[in-house]
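So the structure is just underneath, and the comments pick up after that.
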Amino acid sequence: MYQIIADETDFLVIDKSANVHFHSQDGQAGVMAQLELDLGIKLYSVHRLDTMTSGLLLFAKSSAAAATFTAMFSAHQVQKYYLALAQGKPKKKQGAIIGDMAKSRRSMYKLLRSKENPAITQFFSLSVAQGLRLYLLKPLSGKTHQLRVALASIGVPILGDSLYGGAASDRGYLHAYALQFEYQDKPFRFSSTPSLGEQFAMPEVKNGLQSWGEPEKLDWPKAKK
């Protein structure tokens, strides 16, 4: 269900497995409840991952730390980077995807052309197999289903994401890859390479990650509203 990446005084960072709920539902403990049970401590959520999404999750250990991290996330002082795989040829191979989001049918969201309070996603991509591309995504906002909607909007729904039209696969290929922030005047950087999923295990994916190096040092495409 999870692997602990860092256990700090004020916060905890884990690597959540794919297909694990954040909140308890369907009679099963969510990852947060399971963590609290396993560690015997109370935790505070400051951001979330969809059930299908694996990767890095941060939990605060006190209400004061939670308030600080919540403010940091709101002010975009926590840099988040994700990996995704998708079939097909995108409308653009790198750039920014910007637009307001609205609820659609069947628990889905859609990207609008308006930009009053837009979801903003920067991305790079490269080919890793015939008809399959690896995406490095940097969301500059924190909307529900933002990355899933963003890639679907450019014609390449995430592999395994059946809700948004992705091709069937052994998992939904979205992974929270890296977190970077400064807390109490100390810099922190965490990363986690996806360990589950046949397609993530391809050598071409690992080569792609190496070619990008450290995400925060890349010259990210401009994102203008």
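Each Cα pair under 8 Å and six or more residues apart adds its separation to the average, and for the chain the resulting relative contact order is 19 percent.
Highest mean packing comes first when the peptides 109-120, 213-224, 51-62 are listed by Cβ atoms within 10 Å, giving 51-62, 109-120, 213-224. Within the accessible surface of the stretch 156-215, defined with a 1.4 Å probe on protein heavy atoms only, the carbon and sulfur portion equals 46 percent.
Can you check what the net charge comes to around Leu196, using other residues whose Cβ is under 12 Å from the Cβ of Leu196 (Lys, Arg +1; Asp, Glu -1)? Charge balance in the 12 Å sphere: -1. Per residue, the solvent-accessible area of the stretch 1-63 (1.4 Å probe, heavy atoms of protein chains only, all protein chains present) comes to 46 Å². When you count the other C-beta atoms within 10 angstrom of each residue and take the mean per peptide, 149-157, 123-131 line up highest first as 149-157, 123-131. Within the accessible area of the stretch 1-99, the carbon and sulfur atoms contribute 46%, probe 1.4 Å, all protein chains present.
In the context of the full protein assembly, Asp185 retains an accessible surface of approximately 140 Å², using a probe radius of 1.4 Å and ignoring ligands and nucleic acids. Take 79-92, 197-210 and order them by the average number of nearby Cβ atoms within 10 Å per residue, most first; the result is 79-92, 197-210.
The values are calculated or read from the model by the stated rules, or taken from the named source; none is laboratory data. As the structure is a prediction and not an experimental result, all values here were calculated from the model. A quick note on method: Cβ atoms are made from the backbone with ideal geometry, for glycine too, and the neighbour counts reach across all protein chains shown. Calculation scope for accessible area: heavy atoms of the full protein, side chains included, ligands and nucleic acids excluded. Shrake-Rupley method; radii C 1.70, N 1.55, O 1.52, S 1.80 Å.
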